[in-house]
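Remarks on the structure that follows.
The values are calculated or read from the model by the stated rules, or taken from the named source; none is laboratory data. What you see is a predicted model; the values in this text were computed from it and never measured. Quick reminder, even Gly has a Cβ in these numbers, built from the backbone with ideal geometry, and neighbours come from all protein chains shown.
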């Protein structure tokens, strides 16, 4: 047991030291919250599903928001609701991010309005289900443009803006499909593998800057993804494994602010993702094909 005696003289010194440490901590915290009030988080695909959940979670933390998606009506309703509930600033841009001109349009809108962006979340994306050769090539290419090209363009274009903040974050949304080939989801899984690899690569390149890059790879979420992908026959089965979008959003933000490279929400998803490192690829592909059989 260690004991010590504090005299009146060194007690004053100890109290002064505690005051200095507390004051220093206060200044750091105050600076952090001042920056939150001044900067914006830009979220693509923000009108519904995971994007909407991410916007709500960030609004609760006091972040101002820039919401980007196709639906002007849904964006307007969401921004008004978040402004009213959390007293933040929120602006939106209705644009089809699958268009080649969209990323530059988003950047121009941001710079014209002098929005200082410290968080970029690339959430917009979708999947299409079916055998590769049975679907129109145009459908494949449009999905690839949104899932990959748009993400690359936004990361490239917004890097100079993100460098201006004390701390900045990029969060790219992938999928557990990124960890293996998925027959009948061939291009979707490949596009998400691209996002995961791309995110890790630019994370390394930016490691000595103020920008942290994270990638979240969720499994099934209650977002209507299955319906849009044409997976109506599997919707009931998917519901048994779905995670809530707000739950995934909270996991995503915790991981992003903790500067994690990869974030996988849910124990079952973590196990399935890591299992692909050890199980034979042929076995994994056969299992996936059986699940999503046309």
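In table form, for the structure just shown:
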| read-out | value |
| --- | --- |
| Any chance residue 114 is modelled with pLDDT of 95 or more and on the phi > 0 side of the Ramachandran plot | yes |
| Residues of the stretch 263-278 that turn out to be under 15 Å from residue 242 (Cβ atoms) and part of a helix (DSSP H, G or I), as a count | 4 |
| Filter pass, residue 147 being on the phi < 0 side of the Ramachandran plot, surrounded by 16 or more Cβ atoms within 10 Å (Cβ to Cβ) and part of a strand (DSSP E or B) | no |
| Looking only at the stretch 127-140, and only at residues there that are crowded, with 16+ Cβ neighbours inside 10 Å and modelled with pLDDT of 90 or more, the one that is farthest from residue 220 (Cα to Cα) | 135 |
| Residue selected from the stretch 58-77 under the condition touching a residue at least 12 places away in the same chain (Cβ under 8 Å) and assigned to a helix (DSSP H, G or I), by the criterion nearest to residue 99 (Cα to Cα) | 72 |
| Some residue of the stretch 75-98 being closer than 24 Å to residue 196 by Cβ and in the same structural domain as residue 218 (by TED's automatic domain parsing) | yes |
| Criterion (surrounded by 19 or more Cβ atoms within 10 Å (Cβ to Cβ), assigned by TED's automatic domain parsing to the domain that holds residue 253 and assigned to a helix (DSSP H, G or I)) met by exactly one of 124, 104, 55 | 55 |
